[in-house]
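Asker: Structure in structure tokens, see below.
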Amino acid sequence: MMTMNTPISFLGIGMDDTASVIELLQAIRQIGVQISIDDFGTDYSSLSRLKMLPIDKIKIDKQFIDGISSDAKDRGIIQSIMDLSKKLGLKVIAEGVEDEHQLNYLKEQNCTTIQGYYYYRPMSSEDIEELLQK
């Protein structure tokens with residue numbers, strides 16, 4: 001059983017050790033941390049992971065966001081991810097949003113969390129403090 005005293009070395013588990021991953025994620029969620037699957041739709045982020053892992057959010061991979069303007073398949077994948085996440089009770093984060101067209105499309109799909117250069121480029125902590133004071 002996982003506890004708050006579980007050694008940090010336990011975090012070195014691989015995604016192929018599903019039982020340990022689930023146990024670790026459940027312990028993390030018990031202390032109030034929300035869990036996201038990053039780069040959804042690529043590599044290890046398969047549909048079976050949505051079914052078995054205790055997660056709260058999925059992040060749509062930037063490669064799908066990049067294709068919003070030019071690729072109907074990318075738009076279809078985004079729509080499907082949005083529909084699926086709604087049915088599974090998951091929140092969605094769109095990563096890599098860089099322009100207004102992408103933003104507007106995602107808003108049409110009811111994506112409420114946007115991440116990317118559209119809003120801000122990476123900045124120093126001093127710049128963030130200044131921005132927050134405005």
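Asker: Through the Karplus equation 6.51 cos²θ - 1.76 cosθ + 1.60, θ set to phi - 60°, convert the phi angles of the stretch 24-41 into ³J(HN,Hα) values in whole Hz; use x for Gly and Pro.
Answerer: These are the phi-based 3J(HN,Hα) values: 5, 5, 5, 5, 5, 5, 5, 9, x, 8, 8, 10, 10, 9, 7, 6, 4, x Hz.
Asker: Still on this model: Based on the Cα atoms of the stretch 34-133, what semi-axes does the equivalent ellipsoid have, where each is the square root of 5 times one gyration tensor eigenvalue, given in whole Å with the largest first?
Answerer: The answer is 24, 18, 12 Å, longest axis first.
Coordinate-derived values only; no laboratory data. Just so it is clear, the structure is predicted and the values come from calculations on it, not from any experiment.
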